[in-house]
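The values are calculated or read from the model by the stated rules, or taken from the named source; none is laboratory data. In this text the structure is predicted, and so the values were computed from the model without any measurement. Positions of Cβ are generated from backbone atoms using ideal geometry, with glycine treated the same way; all protein chains shown enter the neighbour counts. Ligands, DNA and RNA are excluded from the accessible area calculation, which covers all protein heavy atoms including side chains. Shrake-Rupley method; radii C 1.70, N 1.55, O 1.52, S 1.80 Å.
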Amino acid sequence: MNVIGFIFYVLHQLAWLYSIVVLVHVILSLLVAFNVVNARNQFVGMVWQLPSRLVEPVLAYIRRLLPFLRNLGGFDLSPVILLILVHAVDIYFLAPMARQGLY
């Protein structure tokens with residue numbers, strides 16, 4: 001495998017990891033919203049910080065671009081749009097380039 005293919009492979013794996021972080025963020029936000037876990041707990045706060053810092057800036061940008069996604073009966077669909085975008089870039093750009101090692 002050449003260097004370019006390796007770089008695209010690493011980017012492909014990072015896209016997969018980022019989608020996992022988005023899912024963790026969504027699950028934690030639902031658990032906090034329904035009072036299953038206490039956000040003031042120190043451990044929950046530490047676990048909550050990492051996904052929030054990685055996901056919230058991108059979600060805020062999507063919410064600014066598409067404000068109607070936030071007001072659909074109390075559901076925020078911006079994480080769904082983010083996951084679709086990450087997977088689209090991964091499937092149509094990163095994964096083929098990682099397999100073929102193209103420029």
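Classify the chain as rounded, prolate or oblate, taking a ≥ b ≥ c as the square roots of the eigenvalues of its Cα gyration tensor: rounded when a/c is under 1.5, otherwise prolate if a/b is larger than b/c and oblate if not.
Cα axes put the chain in the oblate bin.
So, in nm, how far is label VAL32 from label ILE7 when the simple model puts each one 7 Å beyond its Cα toward the Cβ?
In this crude spin-label approximation the distance works out to 3.6 nm.
For the chain, what is the accessible area per residue in Å², given a 1.4 Å probe and the full set of protein chains? Can you show the working numbers first?
Numbers: 7420 Å² over 103 residues.
Each residue of the chain exposes 72 Å² on average to a 1.4 Å probe.
At R0 = 35 Å, how high is the FRET efficiency between ARG40 and HIS87 if r is their beta carbon distance? Nearest 0.05 is fine.
So the FRET efficiency works out to roughly 0.55.
For GLN100 and ILE20, what is the calculated FRET efficiency with R₀ set at 30 Å and r taken between the beta-carbons, to the nearest 0.05? Provide the component values of the computation, followed by the final result.
Working: r = 25 Å, r/R0 = 0.84.
Result of the calculation: an efficiency of 0.75.
For region 41-66 and region 74-93, compute the distance between their C-alpha centroids and round to whole Å.
Here the two parts' Cα centres lie 15 Å apart.
When the helix-only estimate is applied to the chain (DSSP H runs of n ≥ 4, each -39,500 (n - 2.57), divided by the residue count), what is the mean residue ellipticity at 222 nm, nearest 500 deg cm²/dmol? Write out the running numbers ahead of the final one.
Numbers: 4 runs with 73 residues, N = 103.
One gets -24000 deg cm²/dmol as the mean residue ellipticity at 222 nm.
Where q = 0.22, 0.27 Å⁻¹, what log10 of I(q)/I(0) comes from the Debye formula for region 6-50, counting one point per Cα?
-0.72, -0.90
Carbon and sulfur together cover what percent of the accessible area of the chain at a 1.4 Å probe radius?
Details: 5340 of 7420 Å².
Carbon and sulfur: 72 percent of the exposed surface of the chain.
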